[in-house]
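A.B. asks: Sharing a structure, written as structure tokens. Questions coming.
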Amino acid sequence: MQKENLLSKLERSNDELQEYAHIVSHDLKSPLRSIDALISWIKEDNMDKFDEATLQNFYHITTTLEKMEQLISDVLEYSSVGADDTEKVNVDLDVLIKGVLKLLYVPDHIVITLENKLPIIKGDKTKLMQLFQNLISNAVKFSDKAEGKIKINVTSSGDYYEFSIADNGIGVERKFHDKIFKIFHSLNKNKESTGVGLSIVKKIVNLHKGDVWLESELGKGTTFYFTLKRV
């Protein structure tokens, strides 16, 4: 009885946290959009009065607002991923990955290869899509070679499938390998990187009773590995 009460209390707390995250997200985004609108009006009304340095400062303000809005969206997504209330179904990862690749923008100089057919596993289809999308888009984002290569592979290991997504991009220093999965820890400071994507990956893998890690060599590329339980 005590265990059931505790689980019920945790479930209520989780629901309240998600509701709070949604409210905070809305309340924070509204003033950001108002500031962005005000900046645009000021620029339009005084364009002939501003020098190049001032216009550049306006540009920096706008990009900062964009990053703040993206960060709020990512935090909201991170909080919602924690809910493990979706019924697990059989998911054909081979079909799922091909759908993900159609959604992502991949520059012409990057080639993504499926090394073998991906299996069917039992899980949350939406979260599994997020998992692959985050890892592949991360590999694309940090590609710095004239010919980018991303290889997706899977092997069978006991009760689990072991997946890998390898790239020949910028690589990650060894000292950051553990920190990289922590929320808000970003190795790249551009506006596209909020440091939430890989923490979401870890959360999704953990919800599916798996593990995630990486191997990397600076300047040569990175391979992310993760395990998912077999059907």
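We did not get these values from a lab; they are worked out from the coordinates using the rules stated. Treat the numbers as computed from the prediction; the structure is a model and nothing was measured. In this analysis, Cβ positions are derived from the backbone assuming ideal geometry, glycine residues included, and neighbour counts consider all displayed protein chains.
A.B. asks: Enumerate the amide H contacts of ILE120 below 5 Å, restricted to partners 5 or more residues apart or on another chain; note that Pro and chain-start residues carry no placed amide H.
C.D. replies: Sorted by chain and number, the residues that satisfy this are LEU93.
A.B. asks: Please report the base-10 log of the normalised intensity I(q)/I(0) for segment 79-167, using a Debye sum with one equal scatterer per alpha carbon and no solvent, at each q in 0.18, 0.21 (1/Å).
C.D. replies: These q points yield log10 I(q)/I(0) values of -0.85, -1.08.
A.B. asks: Hey, another quick one. Peptides 145-152, 97-104, 162-169, 203-210: what's the order by average Cβ count within 10 Å, highest mean first? Can you show the working numbers first?
C.D. replies: Values: 145-152: 16.0, 97-104: 13.9, 162-169: 21.1, 203-210: 19.1.
Most protected by this proxy first, the peptides run 162-169, 203-210, 145-152, 97-104.
A.B. asks: Between rounded, prolate and oblate, where does segment 108-154 land on the alpha carbon gyration tensor, with a ≥ b ≥ c its root eigenvalues, rounded for a/c under 1.5, else prolate if a/b exceeds b/c? Let's see the in-between values first.
C.D. replies: Working: a/c = 3.88, a/b = 1.74, b/c = 2.24.
Oblate, because a/c is 1.5 or more while a/b does not exceed b/c.
A.B. asks: Another question, if that's okay. Given R₀ = 25 Å, what would the calculated FRET efficiency be for THR54 paired with LYS179, taking r from the Cβ atoms and rounding to 0.05? Each step should come with its number before you reach the end.
C.D. replies: Working: r = 38 Å, r/R0 = 1.52.
The calculated FRET efficiency here is 0.10.
A.B. asks: What pairs in LYS175/LYS202; LYS102/LYS175; LYS67/LYS151 have C-alpha atoms more than 23 Å from each other?
C.D. replies: Values: LYS175/LYS202 18 Å; LYS102/LYS175 34 Å; LYS67/LYS151 30 Å.
The pairs that break the limit, which is 23 Å between Cα atoms, are LYS102/LYS175; LYS67/LYS151.
A.B. asks: Give me a comma-separated list of calculated 3J(HN,Hα) values for segment 94-102, in order, Karplus coefficients 6.51, -1.76, 1.60 applied at θ = phi - 60°, integers in Hz, x for any Gly or Pro.
C.D. replies: 5, 5, 4, 5, 5, x, 4, 5, 6
A.B. asks: Quick one: which residues, 5 or more positions from ASP211 or on another chain, have an amide H under 5 Å from its amide H? H modelled 1.01 Å from N in the peptide plane, none for Pro or chain starts.
C.D. replies: THR227
A.B. asks: A follow-up question, please. What list of ³J(HN,Hα) couplings, whole Hz, do you get for segment 133-150 from phi and the Karplus terms 6.51, -1.76, 1.60, once you set θ to phi - 60° and write x for glycine and proline?
C.D. replies: So the Karplus estimates, Gly and Pro as x, are 4, 5, 6, 5, 5, 5, 5, 5, 4, 9, 7, 10, 9, 4, 10, x, 10, 10 Hz.
A.B. asks: Extension gain VAL89-ASP211, at 0.36 nm per residue separation less the Cα-Cα distance, in nm?
C.D. replies: Numbers: separation 122, 0.36 × 122 = 43.92 nm, distance 2.00 nm.
That works out to 41.9 nm of additional length.
A.B. asks: Could you pull out every residue, at least 5 positions away or on a different chain, whose amide H is within less than 5 Å of the one on GLY171? Hs are placed 1.01 Å off N in the peptide plane, and Pro or chain starts have none.
C.D. replies: Amide H neighbours of GLY171: GLY219, GLY221, THR222.
A.B. asks: Could you compute Rg(Cα) / (2.2 N^0.38 Å) for segment 89-229, with N its residue count? Write out the running numbers ahead of the final one.
C.D. replies: Details: Rg = 14.3 Å, N = 141, 2.2 N^0.38 = 14.4 Å.
That ratio works out to 0.99.
A.B. asks: Just to check I understand the Karplus step: with θ = phi - 60° and J = 6.51 cos²θ - 1.76 cosθ + 1.60, what whole-Hz values come out for segment 40-48, glycine and proline as x?
C.D. replies: 4, 5, 4, 4, 5, 6, 10, 4, 7
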